[in-house]
Structure formats: C-alpha cells, structure tokens
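Read the structure below first, then the notes.
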Amino acid sequence: MNSIMKLLSDAIFYNLIREQRYMQFLDGLGISLQLTFYSAILGTVIGLFLALAKLGRIKWLERLATLYVDVIRGTPVVVQLVLIYYAILGSSSFPKIVVASIAFGINSGAYVCELIRAGIMAVDKGQMEAARSLGFSYSHSMIYIIIPQAIKNILPALGNEFIVLLKETAIAGYIALDDLTRAGNIVRGRTFDAYTPFILVAIIYLYITTILSWMMNKLERRLRESD
Amino acid sequence: MIEVVNLHKYFGQLQVLTGVNTKIEKQEVVCVIGASGSGKSTFLRCLNLLEEPTAGEIYIDGIAVMEHRKDINQLRQKVGMVFQQFNLFPHMTVMENITLAPIKLKKMARSEAEKRAIELLDKVGLPDKNNEYPNRLSGGQKQRVAIARALAMDPEIMLFDEPTSALDPEMVGEVLNVMKQLAHEGMTMVVVTHEMGFAREVGDRIMFMDEGIIFEEGPPQQLFKNPQKQRTKEFLGKVL
C-alpha cells in the first residue's frame, strides 16, 4: 500500500511539481483553448459563407464551395495543417498559433458549412414562400425568417463541432506548437514516464469536453423550451 | 385587375398548365375548382410568381409581371397570399407575424402597425391572441392569423390556396366566414378550394380547371346547375 502511494506521489512530483512542470500543462491548455476558440470563429464564418454559396443561385460559387468542402473533407486534417504551415504560410513570419488557427478554421469551415446548410434546408419551404409572398426579397427572407429558425437547428450540432475541434487541435504539435498534447510529450521527454503525463492530458481534455457538453445540453434544453 | 394570357407551366416533362387565359375584375371573387393535379394551385402560384411560368403573360394592374421581374417584391406587396399550411412564422408572436412586413417593407411606425394589427385581429375574430406564439393556436386560428398577416400589407388582391384543406372539419367554418366577410367588403379574391358550398355562395365566377386549362367557367348558378361539358358534369357529380 505504502509503495503504491509512494509511486503515485513520485509520479505526480516528477511530472507536475518539479521544475514547475504544471506550468507546461497549463500553458499547453491555454494554447489549445485559444486555438480552438479562434478556429471555431474562423470556421463558423467560412462555413456560413460556404453554406450561402451552396444554397445560392450563382452556379460557379456553388461549384467552388462544393469543391472546397469535398477537398477538405476528403483529406486528413494533419496533412492540411502541415501543408498550410510549410507550403503556404511557413515562409512568412506569422506566429504558429495564427497559422494553426487558420488551418483548423479552414478545415472546420467545411464541416460547419454542411451543418448550416442542413439547418437551413430543414426549415419548411413554406416559410420562404410566405415571406416572399409578403414582398420580402430573398436575402431579407433569409435574415428575418429562415436564419432565425435555422439557428435552432444548427446550434446543438455546432457545439458538437467545437468539441470535436478541441480534440482535433491535439495534432498542433506537428508544427511544433506547444499545445496541451505536446506539453504532455515534452514532459514525457524529461521524465521518461509515458503514462502519467498523457493520463493527465487525457483527464484535462475529458474535463473540458465534459463542461462543453454540459453547456450544450443546457442550451439545447433552453432552445426546446421556446418551441 | 389581373389578366392572364396563354399561361404555360411545365415541370420538366410534365405539362401542368397548357394555355390559361382569363381576366379577373376588381372586386370579383373567383373560385377555382377541379380535381387534384388539374393545375389549379400552380395557376394561383403563377399569379405572384411563386412558380415561374414557362410561357405566357400575366398583367396585374396593367403591369406585365414577367417583364418586371426585378420589381416582383413591390408587386407582391399588392397581392396577398394565404396558404394551405398557414406558413405562420413560428419564431414570432402573432403580433410580430402581422407587423413584420408593414414595418420592414412599408416603413410603417411600430405603434401604427400594431394598432392596425389589433384591428385586423379583431376583424378575424381573434382579439386577444396577439401575444401568443403560433404553435399555441388551433388550425383555424392559425389560418385566420395568416389572413390578417396578408391583409396587413393592404393588398389589392388576395390569393387563397386551399385555405381550409388542412383544417379539422369543425374549424372550416370560422375561416370561411372571415373570407366571406372579406368578399362582402369588396376584396378581389382568387380562391382555390374544395368547398363547393362556399364557392356557390360567395363566388362571382367559378373556374373549373382540367387538363391544364380553364375547362369551363361561369357564374355559380350556371356552372353548378347546368354545366355544359361532360368532364365538368363528372367532376361535380363526384364532389356535390
């Protein structure tokens, strides 16, 4: 019993306390959260434009958006990240977090596009007809009638997308960005203990995603109440 | 008021309207009857370009609608429409449903629009429902709100697309009564309906549509009592 306690306290001491390694994890978490936040915003903006392009009546825009979504969804995000880092943005002096945010934002945009498109298409088409029959233009019908209803369909799925995004940013280490997962890796390199740092990393991710899911559930319930 | 010349509408290979010609006068109440698939709803929806006609001309107040497509939003403000499925905006209260278009499109002051909405709700027999959301209303109440919403734009013409077909039988009467009242006040109305009693009582003219054209038309006494064509007789024999 005593030896187990000793093992545990040693593991925690070497991986967390010594040389203030807990700061490594905290900084990493900060980077992961920032990266998720910026990517989520960029992804939502890109996704909204893609969705409108896909739903609109301008043929070449629609094709372009479809191509974008197909390419992004058909290739691994880690490949996109590395390509964007080395080939496109690597030569400039952008901070890595900006490059990574752009890469994950571009990736997430393709998925958000489909969420928004599905949410808009789920609104009964009689709504558009009623708005148009009153004399509203297509864009005003969208703004006043369709999008407010679509948001209710979209928000829960969008929340899920952000949770997925948080976990996906774990590959940011590929471009040497010190996110939470990489922090675990760095500590492992120092302590030669493979289990403790990554168990800690896993617990932190789980904790954050649990909070996010809980918030999403609350939001979903509130949206349903107003039905 | 409305003139339709040689209107055609195809959905791909399917020819739904194959040459509709008619004139609808101011204050006239025209009831369009016919079997399902005869093109009567499509005809109605072409009048405000909710369906794009394949060929032909539509004139509203002398304006060639097809040539003025970019002014279609202006034109639609003059043509109210009531749908089979009501199509109220579920995220807005009854009051907001009615006042949205006058406030946004006619730049009416909110207070004025709300005053007008209350008058309209009174008129359709729902004086105390302005703060309800549509899903709290019965079908008949929803359709009466939909009528009030269309009237809020002060249209010159009202189009009704089977306004009672989605209602429970006991609610049909309350909607028809509102429409009857509207007709008596001199509103120009085009009503696609299966309610033969209403058509006979309120209609100035009955249009029987079949095979994508106006197969036979005339005043209700004539069309219902003494139809000239065999197809009209068969149809009336089934529904009366």
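The values are calculated or read from the model by the stated rules, or taken from the named source; none is laboratory data. Predicted model only: the values in this text are computed from it and were never measured. Note that each Cβ is placed from the backbone with ideal geometry, even for glycine, and that neighbours are counted across all protein chains shown.
Take the residues of the stretch A:168-227 that are within 18 Å of the chain's Cα centre (by Cα) and hydroxyl-bearing (S, T, Y): which is farthest from A:I12 (Cα to Cα)?
A:S213
Considering only residues that are over 19 Å from B:F160 (Cα atoms) and of a type in the set (S, T, Y), which ones fall in the stretch B:1-33?
B:Y10, B:T18, listed by residue number.
Can you find a residue that is within 14 Å of another protein chain (Cβ to nearest Cβ) and outside any helix (DSSP H, G or I) anywhere in the stretch A:77-93? Talk me through it step by step, then tell me what you get.
First, pick out the residues of the stretch A:77-93 that are within 14 Å of another protein chain (Cβ to nearest Cβ): none.
No - not one qualifying residue is present in the stretch A:77-93.
Can you tell which of A:S137, A:S141, A:S93, A:S108 is of a type outside the set (D, E, K, R) and in contact (Cβ under 8 Å) with a residue 24 or more places away in the chain? So that I can check it myself, show each step before the final result.
Values: A:S137 fails: in contact (Cβ under 8 Å) with a residue 24 or more places away in the chain; A:S141 fails: in contact (Cβ under 8 Å) with a residue 24 or more places away in the chain; A:S93 fails: in contact (Cβ under 8 Å) with a residue 24 or more places away in the chain.
Result of the check over A:S137, A:S141, A:S93, A:S108: A:S108.
Looking at the stretch B:42-84, which of its residues are outside any loop (DSSP other than H, G, I, E, B), more than 10 Å from chain A (Cβ to nearest Cβ) and over 26 Å from B:T193 (Cβ atoms)? Before the answer, list the steps.
Step one: list which residues in the stretch B:42-84 are outside any loop (DSSP other than H, G, I, E, B), which gives B:42-47, B:55-60, B:63-76, B:79-82.
Those left that are additionally more than 10 Å from chain A (Cβ to nearest Cβ): B:42-44, B:46-47, B:55-60, B:63-71.
Hits for the stretch B:42-84 are B:A55, B:I63, B:A64, B:M66, B:E67, B:H68, B:R69, B:K70, B:D71.
Can you tell me which residues in the stretch A:130-152 are buried (at least 20 other Cβ atoms within 10 Å of the Cβ), at the interface with another protein chain (Cβ under 7 Å from one of its Cβ atoms) and part of a helix (DSSP H, G or I)?
Across the stretch A:130-152, the qualifying residues are A:A130, A:R132, A:S133, A:L134, A:I145.
Yes or no: the stretch A:39-60 includes at least one residue that is buried (at least 17 other Cβ atoms within 10 Å of the Cβ), touching a helix residue (DSSP H, G or I) at 6+ places or on another chain (Cβ under 7 Å) and closer than 21 Å to A:T181 by Cα.
Within the stretch A:39-60 (the criterion being buried (at least 17 other Cβ atoms within 10 Å of the Cβ), touching a helix residue (DSSP H, G or I) at 6+ places or on another chain (Cβ under 7 Å) and closer than 21 Å to A:T181 by Cα), the answer is yes, since at least one residue qualifies.
State all residues of the stretch A:169-189 that are touching a Ser or Thr at 6+ places or on another chain (Cβ under 7 Å), over 11 Å from A:D27 (Cβ atoms) and surrounded by 22 or more Cβ atoms within 10 Å (Cβ to Cβ); if no residue qualifies, say none.
A:T169 - this is the single residue of the stretch A:169-189 that is touching a Ser or Thr at 6+ places or on another chain (Cβ under 7 Å), over 11 Å from A:D27 (Cβ atoms) and surrounded by 22 or more Cβ atoms within 10 Å (Cβ to Cβ).
For the stretch B:211-221, indicate whether the set of residues that are under 13 Å from B:I33 (Cβ atoms) and part of a helix (DSSP H, G or I) is non-empty. Break it down stepwise before answering.
As a first pass, look at the stretch B:211-221 and keep what is under 13 Å from B:I33 (Cβ atoms): B:214-218, B:220.
Then keep just the ones that are part of a helix (DSSP H, G or I); that gives B:220.
The answer is yes; a qualifying residue exists.
Testing A:K152 on (1) of a type outside the set (F, W, Y); (2) touching a strand residue (DSSP E or B) at 6+ places or on another chain (Cβ under 6 Å); (3) at pLDDT below 90, one condition comes back false. Which one is that?
(2)
Has the stretch B:103-124 got any residue that is part of a loop (DSSP other than H, G, I, E, B) and under 18 Å from B:M179 (Cα atoms)? Can you show your working first?
Residues of the stretch B:103-124 that are part of a loop (DSSP other than H, G, I, E, B), as a first pass: B:106-109, B:124.
Subset that is under 18 Å from B:M179 (Cα atoms): B:124.
Yes, that holds for at least one residue.
Would you pick out the residues in the stretch A:171-204 that are under 29 Å from A:L155 (Cβ atoms) and free of Cβ contacts under 8 Å to residues at least 60 places away in the same chain?
Answer for the stretch A:171-204, where residues must be under 29 Å from A:L155 (Cβ atoms) and free of Cβ contacts under 8 Å to residues at least 60 places away in the same chain: A:A202, A:I203.
Listed here are the residues, each with its yes/no results for (1) within 12 Å of another protein chain (Cβ to nearest Cβ); (2) free of Cβ contacts under 8 Å to residues at least 12 places away in the same chain; (3) touching a Phe, Trp or Tyr at 6+ places or on another chain (Cβ under 8 Å).
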| position | (1), (2), (3) |
| --- | --- |
| B:E96 | yes, yes, yes |
| B:A109 | no, yes, no |
| B:L121 | no, no, no |
| B:A146 | yes, no, yes |
| B:H184 | no, yes, no |
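Of B:D161, B:D168, B:D154, which residue is without any contact (Cβ under 8 Å) to a residue 60 or more places away in the chain and within 25 Å of B:L75 (Cβ to Cβ)?
B:D154
Take B:N87 and decide whether it is facing chain A (nearest Cβ under 8 Å) and at pLDDT 95 or above.
In short, yes.
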